[in-house]
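As structure tokens, the structure follows; a few thoughts come after it.
Every read-out reported here was derived from the displayed coordinates using simple, explicitly stated rules and does not represent laboratory data. As the structure is a prediction and not an experimental result, all values here were calculated from the model. All Cβ positions, even for glycine, are placed from backbone atoms using ideal geometry, and neighbour counts span all protein chains on display.
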């Protein structure tokens with residue numbers, strides 16, 4: 001079952017040696033990429049070595065039990081532990097999302113529902129900021145458009161994980177349409193309204209990974225809008241970049257200088273281009289590719305936030321809980337854990353079917 005582990009152990013040792021090489025350390029991008037892979041392989045190598053030790057101890061106990069029955073119980077305990085370690089190792093060997101160690105660019109956009117949708121989009125943005133804070137991550141707002149009542153028409157935030165704990169591994173499940181049911185602050189008769197906001201999540205790409213030709217860019221500058229210092233509304237510091245080959249448009253106005261806004265906009269553009277390239281490649285590989293909902297339509301929801309009942313429901317996995325107040329304060333781990341568990345179960349099932357198909361194909365013809 002673990003035939004491929006020997007190759008992974010060798011790769012782990014090779015990366016360990018490379019990370020001690022000053023030439024590698026002088027290249028931050030390469031060092032970071034190798035560091036992510038090393039952290040991933042370390043879990044597998046440690047689990048494999050523990051499984052090997054437990055298997056050896058179990059075999060020794062069973063041999064001793066033939067002469068001394070007192071070792072039988074110990075052998076049984078070691079056997080149960082070996083089986084647990086085998087299950088854990090099998091989960092670790094399931095093909096991992098190569099972007100799990102990456103930081104993310106997360107966008108929130110108001111949809112149907114007017115001002116109430118914008119207010120809900122603002123609530124979602126704060127929820128993700130608080131979630132990042134709970135995990136010790138850094139959340140940096142790159143661009144935002146605030147409405148008159150303090151809602152968010154749209155906002156883009158960069159979320160940076162901590163160590164090998166990549167933000168993408170958790171937040172990749174958040175993409176789609178989020179629906180809210182509550183009494184809006186603008187409702188005078190106490191009626192419950194339904195509105196929606198869209199969330200798009202992409203792994204952040206480095207300059208080396210996504211090359212952008214300056215000739216493919218149309219850069220426009222304009223005056224910033226919304227709250228800010230005295231320079232806001234008086235200088236053309238905001239930047240809008242259009243990627244001509246794809247038509248992708250990104251903008252940034254939160255920084256004070258035009259140069260800073262351009263660099264932040266390029267970060268978002270690189271993430272968008274990487275996400276589109278990976279989606280295209282995955283679509284070619286599988287007709288059953290699951291994609292994030294790109295339209296903000298209440299009928300295409302992935303999750304519902306019901307404030308009167310204090311209930312959160314994720315429609316993809318049937319998750320339901322009555323702690324919406326805590327979720328909006330950043331307590332997202334339970335619902336994300338449910339999505340991650342369903343994702344892992346699907347991958348294990350696919351791996352089992354593949355193994356069964358291979359075994360059947362290896363059988364000699366009758």
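Step by step: find N for the stretch 134-214, compute 2.2 N^0.38 Å, then divide the Cα radius of gyration by it. What's the final number? Please report the intermediate quantities before stating the final value.
Working: Rg = 17.1 Å, N = 81, 2.2 N^0.38 = 11.7 Å.
Ratio of Cα Rg to 2.2 N^0.38 Å: 1.46.
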Need one number: nm distance between label points at residue 64 and residue 214, each 7 Å from Cα along Cα→Cβ, rounded to one decimal. 7.2
Packing-based order for 167-173, 212-218, using average beta carbon neighbours within 10 Å, highest first: 167-173, 212-218
Taking the Cβ-Cβ separation of residue 146 and residue 32 as r and a Förster radius of 45 Å, what is the calculated FRET efficiency to the nearest 0.05? 0.85
Residue separation times 0.36 nm, minus the C-alpha to C-alpha distance between residue 25 and residue 315: what's the value? 99.9 nm
State the extension gain, in nm to one decimal, for the chain segment bounded by residue 135 and residue 341, taking 0.36 nm per residue of separation less the distance between their alpha-carbons. 72.2 nm
I'd like the distance separating the alpha-carbon centroids of the stretch 315-345 and the stretch 66-113, in whole Å. 19
Along the Cα-to-Cβ line of residue 222, 7 Å from the Cα, sits a label point; which residues in the stretch 135-151 have backbone N less than 14 Å from it? 144-146
